[in-house]
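The values are calculated or read from the model by the stated rules, or taken from the named source; none is laboratory data. Since the structure is predicted, the reported quantities are computational estimates derived from the model, not experimental observations. Reconstructed Cβ throughout: ideal geometry from the backbone, glycine too, with neighbour counts over all protein chains shown. Side chains are part of the model used for accessible areas, which takes the heavy atoms of the whole protein and leaves out ligands, DNA and RNA. Shrake-Rupley method; radii C 1.70, N 1.55, O 1.52, S 1.80 Å.
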Amino acid sequence: MRAEAVILAMLAVAGPAVAETLQLYAAGSLKGALTEVAKAYETTTGNKVEAKYGPSGILKNEISKGATANVFASANMEHPQALHDEKKRPVMRFARNRLCALVKPGLAVNSASLLESMLDANVKLGTSTPKADPSGDYAFEVFRRAEAIKPGAQAALEKKALQLTGGAGSAAPPAGRTAYGWHVAEGRADIFLTYCTNALAAQKENQEQQIVALPDSLAVGADYGLTVMNGAPAAAQGFADFIMSSQGQQILTSHGFASVK
């Protein structure tokens, strides 16, 4: 029997007898995917998952200060590694993502012209907030790579970037709207560097918004990591294993993430 089948079989047997409620802290970009994963896990085991989604850096700080989380799923490897160093649990890479440009309708941009468009003084460039949200860190890595293509580009892009999401004081979008698509629709950003999964979600809300792939010279990938806290109920590790199972990975890929299998 394959390893993930063994995991699922064990969960199915153990779940009803040891039903528990797990506290999940997870990156906002995972909300759609992990909500579906959690529902599948709950159906399989009888356990419950209560989730809080938000910028990974902010969530990591909350956990470090004593917030009750059993599983932490981050949009990078660094934040769960920091908790691993504190809480002594291993970190697992469970998904991959990449950065795309979400572009307002009517703005003529393609991969080849993206850098010049981002540098255009008349184009508003949106990012998330570095350190608070890994998406912002990845965007600033794009700026660093731009420097090798056009000297002076890094400083110019860092100066003009509008850090519209991911910070403690960032404006919240209306219910049912993605922050990125909302900011573009409201004219606060003409180009928004965000995860491709976020861009796809935004385009579902407004099909006229464009998704432009970053050229190879600027492309930045994102590894997602999770860790289980010390003292968490036994079912927390079961949930982490479920995310890593074929069923969990299939759900993640259906939301645009790349599988680690």
Please list the three semi-axes, largest first and in whole Å, of the ellipsoid equivalent to the stretch 104-155, using sqrt of 5 times the eigenvalues of its alpha carbon gyration tensor. 19, 15, 9
Can you compute the charge dipole magnitude of the stretch 66-199 about its Cα centre, using +1 on each Lys and Arg Cβ and -1 on each Asp and Glu Cβ, nothing else charged? Give it in debye, rounded to the nearest 20. 240
Suppose a student asked you for the relative contact order of the chain, using Cα pairs under 8 Å spaced at least 6 residues apart; what percent would you report? 30
Whole-angstrom gap from the stretch 139-162 to the stretch 225-261, using each part's C-alpha centre: 34
Go ahead and estimate [θ] at 222 nm for the chain from helices alone: -39,500 (n - 2.57) per DSSP H run with n ≥ 4, summed, over the residue count, rounded to 500. -13000 deg cm²/dmol
Binning at 5 angstrom from zero up to the longest distance, how are the C-alpha pair distances of the stretch 103-222 distributed in percent? 2, 12, 23, 27, 21, 11, 3, 1, 0
Within the accessible area of the chain, what % is carbon and sulfur when the probe is 1.4 Å and the other protein chains stay in place? 52
Value of Rg to Rh for the stretch 64-151 (Rh from inverse mean 1/r over Cα pairs, i.e. Kirkwood): 1.09
Cβ-placed point charges (K, R +1; D, E -1), dipole of the stretch 128-261 about Cα centre in debye, nearest 20: 140
Which of Lys52/Lys124; Lys60/Lys131; Lys31/Lys52 have a Cα-Cα distance over 19 Å? Lys52/Lys124
Can you give the accessible area per residue of the chain, in Å², using a 1.4 Å probe? 45
